[in-house]
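Input: a single structure, listed below in structure tokens.
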Amino acid sequence: MISIILFNSIAALLIILIVIWFWLIKGKSTQAQTNEITIKVKDGVYSPSRITTKQTKLVLNFIREDASPCSEYVLFDQLSIHEQLPLNKLHKIILSNLKPGHYRFTCQMGMYQGELIVNSN
Amino acid sequence: MIWPTLVPESARHVYFEAALIIIALVDLGAALEIRARGKTSEAIKRLIGLQAKTARRVDAEGNEKDVPIEDLQVDDILRVRPGEKIPVDGVLTEGHSSIDESMLTGEPMPVNKKVNDLLFGSTINKTGGFLMKATKVGKDTMLSQIIQLVQQAQSTKPPIAKLADSVSGYFVPTVLILAVVTAIVWFNVGFSAGFILVTSMTVLIIACPCALGLAAPISVMVGMGKAAEYGVLIRNGEGLQRASELTTLILDKTGTITKGQPEVVKMITTQSFDEATLLHYAGSIEQASEHPLAQAIVEHAKKHAIELSKVDDFNAITGQGVLASIDGKTILLGNQRLMTEHQLSVNELLTQSNELASLGQTPMFIAIDQQVAGIIAVADPIKEDSKTAIKQLQKLGIHVVMITGDNQKTAHAVAKQVGIQEVFAEVLPEYKADHVKKLQSKHTVIGMVGDGINDAPALAQADVGFAIGAGTDVAIESADITLISNSLQGVLNAIAVSKATLYNIKQNLFGAFIYNTIGIPIAAGVLFPMIGLLLNPMIAGFAMAASSLTVVSNANRLRFFKVKGQKP
């Protein structure tokens, strides 16, 4: 009986942790100090995945170290940007005339996810 | 296994072979997927491959030297020899030739080019050698613009993909939760630790977010490239989907159904005058006018080597015509109203004038020194393939409507010739968009085809705007789809490719949804209590690898799509 309660409790806790991890916790935001920031594509994630900036022009240096075909493209849907990321090479994406707002960036399938937050000065 | 006693006896099986085979299968699937995905961008690679590598530059002293195209500057003079690719966009300055532009327009017939005609980089010079002046180089050439547009469009998604996108966002955590729920259920039912481990792991292995996420983007990528091969540039996924759902298509008359280049088609003289005299005065007076019909008369006079005279006291009367003094004679050229206003009777020519109008031609009366001398009929010829294309559109169940600023008589005559029943005539440019709006309230998906600046608001208002031919930049900016060729066949090509792409996306989405909705419950063991079926994790690994590979392979089938009777 104890083992059943223990197992179910651990499983329920696991479900709660999954919900918190995927839906409730927002990743730590990285403040872009200059107008240039490097984003690594590695192990299924963008690092950093949340970037906050006040710049209206931003240079994003993507370095793709993840060989998975899923990570081959990065898409900024709201900015109509779609760039192929070469493996183990730096790829610059220049964003200009950025207006305050939240811009999602994802891989082609929406599995790798990141967010660029532009705050007004 | 180290310390096997730490886990229950029923969970001591090591599964080394399963782990190995699963990793091998997933890696094999990924490798095959990378290979197949490489093929999806073949259309773009082919477009890039069209670019010429070198050009023969002629310097100020007349010396010629082969240089890489990267070194070319605007205003460089280049020599293009027969059989060579035109290196960059430019204007023909010396000589003439016929050019194969099929790689850009999809039109198989070579186009004759003479001095001052526009040339496009990467098209092929068929016959004569000539000199050209570069006007656009590097990223500004038409081919580079096409490549950029297609690359950008390939990343967009049609509305149909929205469901898959929202599911993808929740997919991974949902599958993790399902694996835990599977474990909870089997544990509480009383199954062994080994069974619980196998079912939970199989759920994680079989779930394939890739198939779902790839379903639309991969087909869009191939479809956009395929469309570009047919000279159809689709701006985004929404345009692609809407083009496949068209119910009504509005065609602008001038430049879309007709050639947009009026020409003199008939001359009728009264007894006292001959054609040469008529053409002399008509050509002379129209030199001063900027009206497209005037240009047609001047061109016609020049073609017949008629010497034109100086025009004095030129006066254009809006809605009627022109009057001026030439060689001391008073010349009137215009419609019946102009003649009536000047107390001139056109009764003698009225029957013929009405006949010409009923054929879609514009008859213009000419009077010399208060005497009606004849009629010059100008018409904008209908493009050779307009009638066939309209018939095919109607066969597809699309209601075709014509819109024009022309008078009712001419508009209906042209519509009759091409088989269109519904016509909006005498529509001022600013009201074209209103007519689109009106139709949108009656029909579901409205397309609009036009080429001019005046069509831009209507193109933007329509659900799918098609800018046809070398349309103006404003028209192209406002349109969802740009047809490089100047033919209505381009609309048919766009519809055919978009329908094929949408069908392909639907197949992919259906496959991906079905795979996951059937595969995950089976992996969780729902069939075990009924028929004793439990999925082996290795088979789950194979199914997972195969599912995304199937999606990519199915999308690749689009590369072999052909529009009936058309060559890409």
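Here is how the numbers come out for the structure above:
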item	result
Accessible area (Å², per residue) of chain B, counting only protein heavy atoms and a probe of 1.4 Å	46 Å²
Simple Cβ-charge dipole of chain B, Lys/Arg +1 and Asp/Glu -1, about Cα centre, in debye nearest 20	2320 debye
Rounded Å value of the spacing that divides the Cα centres of segment A:78-108 and segment B:216-231	22 Å
Mean Cα-pair separation over length for segment B:439-568, i.e. relative contact order, pairs under 8 Å, 6 or more apart, %	15 percent
Inter-chain Cβ neighbour average for residues B:183-189, partner chain, 10 Å	3
Average partner coverage of B:168-181, which counts Cβ from other chains inside 10 Å	4
Rg over Rh [alpha-carbon atoms, Kirkwood Rh] for segment B:247-315	1.12
Helix B:386-395 axis, angle to chain B major axis (alpha carbon atoms, nearest 10°)	40 degrees
Cα Rg, Dmax (largest Cα-Cα span) when computed across segment B:129-208, Å	26.5, 87
Protection-proxy order for peptides B:345-355, B:189-199, each taking the mean of Cβ atoms within 10 Å per residue, highest first	B:189-199, B:345-355
With Cα atoms, 0 to 90° folded angle of helix B:142-154 axis to chain B main axis	40 degrees
Most to least packed among B:241-253, A:103-115, B:61-73, B:383-395 [average Cβ atoms within 10 Å]	B:241-253, A:103-115, B:383-395, B:61-73
Global form of segment B:374-432, assessed from the alpha-carbon gyration tensor, a/c cut-off 1.5	oblate
Values of log10 I(q)/I(0), in the order q = 0.08, 0.11 Å⁻¹, for the protein assembly as shown under a Debye, Cα-only, solvent-free model	-0.79, -1.20
B versus A: buried accessible surface, summed, Å² (probe 1.4 Å, to nearest 100)	2300 Å²
Sequence ranges B:114-120, B:399-405, ranked by mean other-Cβ count within 10 angstrom, highest first	B:399-405, B:114-120
P(r) histogram, all alpha-carbon pairs of segment A:22-121 included - 5 Å bins from 0, percent	3, 14, 26, 27, 19, 10, 2, 0
Kirkwood estimate for chain B, i.e. one over the average of 1/r between Cα atoms, Å	28.3 Å
Residue mean of other protein chain beta carbons inside 10 Å, B:154-161	3
Anisotropy class of segment B:70-145 from Cα gyration tensor, a/c 1.5 cut	oblate
Pairs of alpha carbons in segment B:341-494 whose separation is greater than 22 Å (percent)	49 percent
Mean Cα-pair separation over length for chain B, i.e. relative contact order, pairs under 8 Å, 6 or more apart, %	18 percent
Value at 222 nm in deg cm²/dmol, rounded to 500, when DSSP H runs of n ≥ 4 in chain B each add -39,500 (n - 2.57)	-15000 deg cm²/dmol
Which listed pairs, of B:K162/B:K437; B:K387/B:K409; B:K133/B:K259; B:K266/B:K432; B:K253/B:K383, have C-alpha distances above 21 Å, in listed order	B:K162/B:K437; B:K133/B:K259; B:K266/B:K432
Dipole of chain B, positive direction: furthest Cα of B:A179, B:A500, B:F191, with charges on the beta-carbon	B:F191
Radius ratio Rg over Rh of segment A:1-61, counting only Cα atoms, Kirkwood formula for Rh	1.29
Options B:G447, B:L483, B:P529, ranked by Cα towards positive dipole end of segment B:431-568, top entry (Cβ charges)	B:P529
Threshold 30 Å² - residues in segment A:82-121 whose accessible area is reduced by that much or more when the chain is no longer isolated, probe 1.4 Å	A:H82, A:Q108, A:M109, A:M111
Dipole of chain A, positive direction: furthest Cα of A:I94, A:I15, A:I81, with charges on the beta-carbon	A:I94
Fraction of accessible area attributable to carbon and sulfur, segment B:263-350 (%, probe 1.4 Å)	44 percent
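The values are calculated or read from the model by the stated rules, or taken from the named source; none is laboratory data. Quick caveat, the model's predicted, so the values are computed rather than measured. All Cβ positions, even for glycine, are placed from backbone atoms using ideal geometry, and neighbour counts span all protein chains on display. Note: accessible area is taken over every heavy atom of the protein model, side chains too, but ligands, DNA and RNA are not part of it. Shrake-Rupley method; radii C 1.70, N 1.55, O 1.52, S 1.80 Å.
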